[in-house]
Every structure is written in C-alpha cells, then in structure tokens.
C-alpha cells in the first residue's frame, strides 16, 4: 500500500469515533420550539402544534394535535377523513407516534376510525404493545372510546368510481401521501407523529411505511428525529428514518443525513429510481433539513415564531 493511501485510510478510520463523540455532546435547543412537517398542508397542521407549545405543552401532544388536524380535513385526500380508498373502496389508515423517551405506538390497516394517530398514542400509553393492526386495532379503538364513522366522503367515492373504469395504477406522489410531523418543545425534547390513508387504490390489505417505527418515523432524544413521505415500500427496505438519525449521530447535518439515506435508495435502483421519497430531519440543537429524490418537495417549518413553507429540489 502506498504511503498516501495508507494515511488516507487511517484518517478515515479515526474520523468516525471523533464525530460520534461530538454528537454525544450536542447542544440542546431550549426555549425555542420547532415544528417541522411534510407538504403544504403541514402549515395548517403546524399551527395546531404551535398552540400547544405556546401554552408550555410537550412535543408529543403537539405532534399528535398537528397530525389530527390533517386527519380531520375532508379535502386532504391522502390522510384520514376523505382519504382515497383502496381498490375495494375501503379507506384504510396507518399511523405511528414516538416520544422523547423512546416509547412508540402504531396502528395499521385501521378502518372507520377518524384519528388513527390518537389510537396509536393510546397503544403507546395504555398497552405493552407497539403495533395493533386491522380488526384488532379497530376493536381497541372502540373500547378506548373512539367513535366509528364512515371515512369515505362522496368526493373520494366518486374519484374511486372513476378509477374503476380503467384501474390506472396511481403513484404515491400523485396524492402527496403522508403527513409526518417532528416537534421540539421548550425543554428541547423531541417527538413525532405520522399518519396516512396510504397509496390511492392500493391492494386491499397493503400497509406502507407510515406505521413502522424506524421507517416512517424515528426519534432519538439525544441526537434528533426524522420522518418520511413517499413510496413506503422503498422507505421500509432501507429503514429510512432510522438511517437519517444514525447519519446525524455520525455527525452529518440534517440535510446531508437525508441525502445520504436517499443515496442508499438511488444505489439500490442502479441510479434510476422512478418514484418519490422525501425526508425531513430535526437535530437536537434545533437545526433542520429536508431532501427528496425527484422533482421537488415542500415542507412546513415553524421556528423563531415564524411558520413558513419551503421547497427543496430533487437530487435527480
């Protein structure tokens, strides 16, 4: 081995522990709450989180409230009430939450319950489990006081009937898919929530990344948090949000951590992915970042008393 190559290899080998030590001593962003969420409807969702934070509320309550707002909007055809159904005309919902203590809860393939994010919160707070699915999740929700309701609005039903005529396969980015929310409260604690009605006209029984801890959402209160939107199958394959947080642990800034996670996806598809994935990330010191594979991606950020929509261009 040539001397120059040997020295380069040695330096790279030593770099990781040094960066890791730095991340463990990361400054905690206190008294400056931050809310970061996906897509343009994240602006209105952020406002709900802000109300909680201004009253001194915690990050988990704020994240849940933001997600609930999106679930309640009948004009949002990719989350909760009014979400586009699966191939059989059934609106099936997925959601998860994770708090600053590492607790997590999720529900998948849940039907007839308006607020799956709150059911996921109940799973986290009131059971020894992390995930409930299908009929078991519905029964748990009802037993916990959640009312059943028909989530298929007339507008979404009409869209489904139009789709039945030719059954063109939709892609997740056509309907914006998931809302993911990351929050840091005045104490510097981190939490997150993710909720969706999933891929429009998907196979009945399909579950994406949105209820899967580590894929759609991951929170490490020492380092940071991350969340995903887009084609859930590909996020699952790379355990995307966990990977973003681990990249921040190694010293990557939030935006670069998101890009590194996307680079893994690009490599898996020989440099030519034909789908969209977007990541958002929040570091313990309050720095945020976002990145997406293709086209562009909007995210809403509340920081220093300003709630604004930003757009990031695709890497390809």
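Quick one: is residue 192 in contact with a strand residue (DSSP E or B) (Cβ under 6 Å, 6 or more places away or on another chain) and touching a residue at least 40 places away in the same chain (Cβ under 8 Å)?
yes
Suppose we filter region 85-132 for residues that are touching a helix residue (DSSP H, G or I) at 6+ places or on another chain (Cβ under 8 Å) and in a helix (DSSP H, G or I); how many remain?
Total meeting the criteria: 7.
On the given criteria, is residue 289 surrounded by 24 or more Cβ atoms within 10 Å (Cβ to Cβ), free of Cβ contacts under 8 Å to residues at least 60 places away in the same chain and not in a helix (DSSP H, G or I)?
yes
When you scan region 270-278, do you find a residue that is assigned to a strand (DSSP E or B) and surrounded by 18 or more Cβ atoms within 10 Å (Cβ to Cβ), even just one?
Within region 270-278 (the criterion being assigned to a strand (DSSP E or B) and surrounded by 18 or more Cβ atoms within 10 Å (Cβ to Cβ)), the answer is yes, since at least one residue qualifies.
Any chance you could count how many residues in region 220-255 are surrounded by fewer than 21 Cβ atoms within 10 Å (Cβ to Cβ), in a strand (DSSP E or B) and at positive phi?
Number satisfying all stated conditions: 0.
Taking the residues in region 155-189 that are in contact with a strand residue (DSSP E or B) (Cβ under 7 Å, 6 or more places away or on another chain) and not in a helix (DSSP H, G or I) as candidates, determine which candidate is modelled with the lowest pLDDT.
Only one residue fits best here, namely 177.
Does residue 150 satisfy the condition of being surrounded by fewer than 12 Cβ atoms within 10 Å (Cβ to Cβ) and either assigned to a helix (DSSP H, G or I) or at pLDDT below 95 (or both)?
Answer is no for this residue.
Is there a residue in region 292-302 that is on the phi < 0 side of the Ramachandran plot, crowded, with 17+ Cβ neighbours inside 10 Å and not in a strand (DSSP E or B)?
yes
The values are calculated or read from the model by the stated rules, or taken from the named source; none is laboratory data. Computed from a predicted model, the values in this text were never measured in an experiment. With ideal geometry, Cβ positions are generated from the backbone for all residues, glycine too; neighbour counts draw on all protein chains shown.
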